[in-house]
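Novice: One structure is given below, represented as C-alpha cells, and several questions about it will come after.
The values are calculated or read from the model by the stated rules, or taken from the named source; none is laboratory data. Not measured: the values here are computed from a predicted model. Neighbour counts run over all protein chains shown; Cβ positions are idealised from the backbone, glycine included.
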Amino acid sequence: MKENDCRDAIPFTQKTLLGERYEITGQLSSSGMCRVYAGTDRKSDRQVRLLQYTPDEGKLTADEFVAQVRAIASIRGIANVCSICDLVKNEEACWAVLAAPCGMSLEQRRPETARMLAAVPALLAELQHLHAAGWIHRGISPGNIYYDDHMGILGLDGMRIPFFKSASGRFRDMPENGYAALEQYSGFGREDGRTDIYSLCASLYAVLSGTVPPSAPERAIRCLNMDMSVVPEGWRPILEKGLMLTPDQRWGSAEEMRKACLEQLKHERTPVQGGDLLHIVVAL
C-alpha cells in the first residue's frame with residue numbers, strides 16, 4: 001500500500017528533528033488545536049504523523065492532552081486501528097506520534113461506487129466499536145476517509161483533537177460545513193454516535209453526487225430536501241435516514257445502520273468487503 005501522507009505536506013527546507021528518533025519533513029495542517037506534521041521514524045524508516053499541541057494555544061492543559069492521547073491509545077479490539085506510537089514532551093509542546101494513513105482519501109479520488117458501498121458495513125463495525133468505547137469522531141468527511149490501492153475502503157483518519165471527544169466531553173469546535181450534524185452547531189445539542197452517522201452519510205452523499213451537501217442549519221432554515229436521485233436506488237432510504245436533521249430520526253447506532261447495509265448488499269448479491277481490507281486511523 002502507498003503511503004501518501006507526505007505528498008500534501010509543505011516541505012521543510014532543512015532537517016528538523018524531534019528528539020533523536022523523529023525527523024519532521026513538512027507541515028500538513030494547522031487547523032484545530034494541533035499542528036500536524038509529516039515525518040519519518042528514523043528507527044523503523046516508516047512515515048509518521050506528528051501532532052504538536054501547545055497548551056497555551058489550546059483548550060486543554062498539557063496533562064489533559066496527555067490524558068486524552070493515552071485514553072484514545074487504550075482503545076482495543078478494532079481490527080485495523082492505527083495505534084498511537086509514542087508521546088513526546090519538550091519545553092515548548094506535547095507531541096503525539098502516530099502512523100501515517102495509507103492510500104488515498106475519497107476527496108482525492110472517487111472509487112468505483114459498488115466497491116465503496118460494499119465496504120461501508122465493515123467501516124460501521126469499527127465505528128460502532130469506537131462508540132462503545134465512549135468516543136465519537138465528530139469530523140468525518142471525504143477528506144479523512146481513506147482507501148488503499150487494492151480498493152480496501154474505508155478507513156477513518158481522525159487527526160485533530162477537536163474531532164475526537166468522550167461522549168461526556170466538554171470541548172466543542174466549529175464543525176465542517178456540509179458534513180456536520182445540526183447538534184454540532186447548536187452549542188447545547190447532545191452529540192453521540194448518531195452525530196458520526198450523519199457525517200458519514202453526508203460524506204457518502206458528497207462522493208456519489210460530486211457536490212458538498214448544504215450545511216445542516218441551511219437545510220433546517222430553508223427546509224431543503226436532499227436530491228437522492230444521485231444515490232443508487234436501494235441505498236436511498238439508508239442515506240436518507242442517516243441524514244435526518246433530528247438525531248432521534250436517524251439510525252440509532254452504527255450497528256443498526258450496518259445491518260441495513262448488509263441487507264441491501266444481500267439483495268444486490270454484492271460481496272461484502274471484509275474488515276481485513278480496511279485501515280482505520282483512530283488518533284486525535
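Novice: Just give me the residues in segment 195-213 being more than 22 Å from Ala114 (Cβ to Cβ) and modelled with pLDDT of 95 or more, in sequence order.
Specialist: Result: Tyr198, single match.
Novice: Scan segment 241-254 for residues that are touching a helix residue (DSSP H, G or I) at 6+ places or on another chain (Cβ under 6 Å) and part of a helix (DSSP H, G or I) and jot them down.
Specialist: Those that are touching a helix residue (DSSP H, G or I) at 6+ places or on another chain (Cβ under 6 Å) and part of a helix (DSSP H, G or I): Gly242, Pro247, Ala254.
Novice: Select from segment 227-240 the residues that are assigned to a loop (DSSP other than H, G, I, E, B) and surrounded by 17 or more Cβ atoms within 10 Å (Cβ to Cβ) and list them in ascending order.
Specialist: Val231
Novice: Kindly establish whether Tyr179 is at pLDDT 95 or above, hydroxyl-bearing (Ser, Thr, Tyr) and either in the same structural domain as Ala132 (by TED's automatic domain parsing) or buried (at least 18 other Cβ atoms within 10 Å of the Cβ) (or both).
Specialist: No: the conditions fail for Tyr179.
Novice: If Ala99 passes every condition in (1) at pLDDT below 85; (2) crowded, with 21+ Cβ neighbours inside 10 Å but one, which one does it miss?
Specialist: For Ala99, the failing item is (2).
Novice: Looking only at segment 3-53, count how many residues are surrounded by 15 or more Cβ atoms within 10 Å (Cβ to Cβ) and either under 19 Å from Lys89 (Cα atoms) or modelled with pLDDT of 70 or more (or both).
Specialist: 25
Novice: Would you pick out the residues in segment 104-123 that are crowded, with 21+ Cβ neighbours inside 10 Å and of a type outside the set (A, V, I, L, M, F, W, C)?
Specialist: Pro121 - this is the single residue of segment 104-123 that is crowded, with 21+ Cβ neighbours inside 10 Å and of a type outside the set (A, V, I, L, M, F, W, C).
Novice: Next question. Can you name the residue in segment 54-84 that is modelled with pLDDT of 75 or more and either not polar (S, T, N, Q) or not in a loop (DSSP other than H, G, I, E, B) (or both) and, of all such residues, is surrounded by the fewest Cβ atoms within 10 Å (Cβ to Cβ)?
Specialist: Asp63
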